[in-house]
1. Can you say whether T114 is modelled with pLDDT under 80, of a type in the set (S, T, N, Q) and more than 14 Å from the chain's Cα centre (by Cα), as far as the supplied structure shows?
2. Exactly one of (1) assigned to a helix (DSSP H, G or I); (2) surrounded by 12 or more Cβ atoms within 10 Å (Cβ to Cβ) is unmet by R13. Its number?
Amino acid sequence: MRAARQRRGWTRRQLRAAMGTKVSLQSLASYERGTRTMPAGRLVEVCQALRQHPAEVLARAYDYSYGETEESVWVDLTALASTEAEILAPLRDWAAVVVAEERTARRPGGVRLTGTAMETMAALCGADPAELVGALRALR
């Protein structure tokens with residue numbers, strides 16, 4: 001949550017204003033630090049303000065808590081669209097198109113790549129799937 005807010009260049013006060021709800025700045029700080037649980041409704045409010053899809057936020061939280069598998073990786077499409085990593089060059093334009101479409105739909109974020117998609121993208125990039133996973137994870 002903090003990283004998404006900071007990427008937008010927002011203070012907690014600006015996030016609260018974008019949420020259009022009564023929430024204390026202390027509560028927002030506690031949510032960011034993970035010292036207070038966040039009700040599902042509040043998560044949706046925060047996600048809408050930050051233009052993140054709640055399911056994607058939960059998927060990242062799950063990956064953070066329980067780890068990704070070797071067969072899957074969460075990809076931040078905005079980071080992929082702007083990367084200079086040579087190995088990811090074939091995927092950069094694709095990511096830029098997806099990000100533009102998601103911004104139009106008001107839900108920029110990421111995508112989970114698994115199995116066949118990873119193998120296909122690795123072949124497109126001329127890389128070993130494990131090498132591609134490493135490069136994608138380095139975008140974080």
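The values are calculated or read from the model by the stated rules, or taken from the named source; none is laboratory data. Everything numeric in this text was worked out from a predicted model, so none of it was measured. Because the Cβ atoms are built from the backbone with ideal geometry, glycine has one as well, and the counts that use them run over all protein chains shown.
1. Yes: the conditions hold for T114.
2. Tallying (1) assigned to a helix (DSSP H, G or I); (2) surrounded by 12 or more Cβ atoms within 10 Å (Cβ to Cβ), R13 fails exactly one: (2).
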